[in-house]
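Down below is the structure, laid out as structure tokens.
The values are calculated or read from the model by the stated rules, or taken from the named source; none is laboratory data. This structure is a prediction, so every number in the text was calculated from the model and none was measured. Methodologically, a virtual Cβ is constructed for each residue, glycine included, from the backbone with ideal geometry; neighbour enumeration extends over all protein chains shown. Remember, those area values only see protein heavy atoms, side chains included, never the ligands or the DNA or RNA. Shrake-Rupley method; radii C 1.70, N 1.55, O 1.52, S 1.80 Å.
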Amino acid sequence: MDAQERTSVLIVGGGLVGLAMSAFLARLGVPALLVERRSGPSPHPRARGVNPRTMELLRLLGIADRVRDAESARALAGNHGIVAVETLAGRRLGELAEPYFRGVRDPAGLSPESWCMVHQDELEPLLRDRAVELGAAHRFGTEYVGHTETDGGVVATVRDTASGRTAAVAADRLVVADGAGGGIRERLGIGTHGPGALARFVNIAFTADLTGPLDGRRFIMCYTTGTGTRSALLPVNNTDRWMLHVLRDADDASLPGPDECAALVRAAAGVPDLPVRVDGVLPWVSAGRVADAFAAGRAFLVGDAAHVMPPSGAFGANVGVQDAHALAWRLAAVARGDAGPALLDGYDAERRPAADHAMRQAVLRSRDRPRFVGGGDAPPPDPDLEPDENVVFGPEPDGTPGRRAPHVVLPGGTSTIHRYGTRFVLGHGPAGDGWGRAAAAAAADAGIGVDAYGGDDAWCAAHGVARDGAVLVRPDGVVAWRAATGPDDPGALAGALRGALAAPVPGAAR
Ligand SMILES: Cc1cc2nc3c(=O)[nH]c(=O)nc-3n(C[C@H](O)[C@H](O)[C@H](O)COP(=O)(O)OP(=O)(O)OC[C@H]3O[C@@H](n4cnc5c(N)ncnc54)[C@H](O)[C@@H]3O)c2cc1C
């Protein structure tokens, strides 16, 4: 084994979430090494629904515009809705129009960003390149083999997949981003809860000109009964690049061959002589499963390593990227010495309930979809189904500590959301001049930087404070503390800041 190298954080897994983790840490100046078994990003277009919260985080990283400019994002920018048909060329069965899908709150009032449809095989290279631009270290073709925890950190063994040579890497902490099947969670002795495996699918990526049967429609997804089983057609470029998800028997782990795949595509399209090229076939099991703990000792689970959920709702990868962001500022604060290790306890305390909520809602959505595809006199949707916005943003952002800080457009046109992401921020109303001094004193007391800005009357209304009130917002955009009125007690803000650096914010459940 080669001589041991040292880093602050070792990230295992270079999928979407591991790459996001590496970019967030690099942006905050935390030395980290990412190891990934594959020699490059995954070539398969899997996730594609990037929600507005994740787009906010991609803007923070400086790549939101690059992502919106990706080929699939440009092609799919005008696509809306989920429809059901017998075949693409045949009879229409219906359109998903349930309130949980359409939303009950105006999304523009919740975020400066909107949804973006971009395929994972395009998003991952953009994240990888940005992370490297920010100074991240990545080692593709390198496999994690195992690790031991010492008093001062972890020591992991990694293996070069080409040469077979092993090396030791010492780190203060380990971030486990090895996906649903990586195995480190089990090795750490962490179990899971949830309904488990729900259905077995194959995802067929194919090239075929469907513009004829498509007839100008621009949907996000199209359920089809033409294959004789539950299936869905997903556009990649609205013309000749597509994916077909096909339900398989629960105990059938076999993969369909190219001829069977092409026949399934023709059946879904309703065009018996359609020329089809099969580009890839990916088996996957739709499941609902959340880890019983998101941390063990010095190891922290993020992404599919921590939670898997059905794709209905497009929550999985988004929750994973948000895990990474929620963990990054805590790791950075502890690495800099701004906070003690207890700050890291808040990661499990806050992210696990968020993942549980998203998983339950994704499972409810996946169970609801056959009802809508069936058409006719379908029963009403499950009363526990909540609007997408509740999953994406959590409870109503109204300035309550523990919730996402509200999006308010500030004079000049920028959003409050753009103020958050790096340091603690104190926002105050137009009559709250004394807060600037209080913020400086609290920052000096805690030994960290605190930014401050002033809002207008609309800002006060959105945050539930008087014109001289204030809110303290954490680097992850969660309200840590709120003062309804002026800074009467100069020590209160300093106490709140010290508290937010020491422990989870009470009520910060998702
Ligand atoms: C068909 C489909 C459609 C989906 N649609 C959506 C959607 O629209 N929106 C959404 O949000 N989510 C969606 N998802 C879910 C999304 O794809 C996953 O949540 C996401 O890929 C998880 O990313 P990850 O980085 O956590 O895990 P992965 O992408 O699985 O990455 C884990 C990585 O770890 C590596 N690894 C594992 N073990 C080791 C080791 N020992 N050493 C080194 N490297 C290792 C693997 O090679 C892999 O690259 C979909 C999933 C599927 C299957």
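What the table shows:
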{"quantity": "Residue 284 accessible area, 1.4 Å probe, all protein chains in place, Å² to nearest 10", "calculated": "50 Å²"}
{"quantity": "Per-residue [θ]222 nm for the chain (sum of -39500 (n - 2.57) over DSSP H runs n ≥ 4, rounded to 500)", "calculated": "-9500 deg cm²/dmol"}
{"quantity": "Around residue 420: net Lys/Arg minus Asp/Glu count, Cβ-Cβ under 10 Å", "calculated": "+1"}
{"quantity": "Inter-label distance for residue 252 and residue 237, nm, one decimal - labels placed 7 Å from Cα along Cα-to-Cβ", "calculated": "3.1 nm"}
{"quantity": "Label-point separation in nm, residue 92 to residue 398, each point 7 Å along Cα→Cβ", "calculated": "3.9 nm"}
{"quantity": "Protein-only accessible surface order, largest first, of 8, 254 at 1.4 Å", "calculated": "254, 8"}
{"quantity": "Computed E for residue 284/residue 502 - FRET, C-beta separation, R0 45 angstrom, nearest 0.05", "calculated": "0.65"}
{"quantity": "Accessible surface of the chain [probe 1.4 Å, protein heavy atoms]: carbon and sulfur percent", "calculated": "51 percent"}
{"quantity": "Between the stretch 388-427 and the stretch 332-377, the alpha-carbon center distance in angstrom", "calculated": "18 Å"}
{"quantity": "Distance-filtered residues of the stretch 342-366 - backbone nitrogen under 17 Å, label point 7 angstrom along residue 292 Cα→Cβ", "calculated": "348-349, 352-353, 356"}
{"quantity": "Cα centroid of the stretch 236-290 to Cα centroid of the stretch 150-221, whole Å", "calculated": "21 Å"}
{"quantity": "The chain, dipole about Cα centre (Lys/Arg Cβ +1, Asp/Glu Cβ -1), debye to the nearest 20", "calculated": "280 debye"}
{"quantity": "Shape of the chain, Cα gyration tensor, a/c cut at 1.5", "calculated": "oblate"}
{"quantity": "Shape category assigned to the stretch 200-294 from the gyration tensor of Cα positions, a/c cut at 1.5", "calculated": "prolate"}
{"quantity": "Amide H within-cut-off set for residue 230, under 5 Å, with H built and near neighbours excluded", "calculated": "247"}
{"quantity": "Cα gyration tensor shape for the stretch 44-103, rounded if a/c is under 1.5, else prolate or oblate", "calculated": "prolate"}
{"quantity": "Residue 160 paired with residue 74, simple spin-label distance in nm, labels 7 Å along Cα-to-beta-carbon", "calculated": "3.9 nm"}
{"quantity": "Pairwise FRET efficiency - residue 229 versus residue 467, Cβ, R0 = 45 Å, nearest 0.05", "calculated": "0.15"}
{"quantity": "Counting DSSP beta bridges with both ends in the chain, the antiparallel % (nearest 5)", "calculated": "70 percent"}
{"quantity": "Residue 444-residue 409 FRET efficiency (beta carbon distance; Förster radius 35 Å; 0.05 resolution)", "calculated": "0.65"}
{"quantity": "Amide proton proximity set for residue 424, modelled H, under 5 Å, gap of 5+", "calculated": "451"}
{"quantity": "Summed side-chain charge close to residue 486 - residues other than residue 486 whose Cβ falls under 11 Å, Lys, Arg +1, Asp, Glu -1", "calculated": "-3"}
{"quantity": "Dimensionless Rg over Rh [the stretch 146-222; C-alpha; Kirkwood]", "calculated": "1.23"}
{"quantity": "Charge-dipole axis of the stretch 397-502 as Lys and Arg at +1 and Asp and Glu at -1 on Cβ define it, positive-most pick from 446, 412, 426", "calculated": "446"}
{"quantity": "DSSP-defined beta bridges in the stretch 397-502 - what % are antiparallel, rounded to 5", "calculated": "65 percent"}
{"quantity": "Potential lengthening between residue 38 and residue 168 on full extension [0.36 nm per residue; Cα-Cα distance subtracted]", "calculated": "44.9 nm"}
{"quantity": "Solvent-accessible area per residue for the stretch 397-502 (1.4 angstrom probe, square angstrom)", "calculated": "38 Å²"}
{"quantity": "Hz values of 3J(HN,Hα) by residue in the stretch 475-490 - Karplus curve (6.51, -1.76, 1.60), Gly and Pro given as x", "calculated": "x, 8, x, 9, 5, 8, 6, 9, 10, 5, 9, x, x, 5, 9, x"}
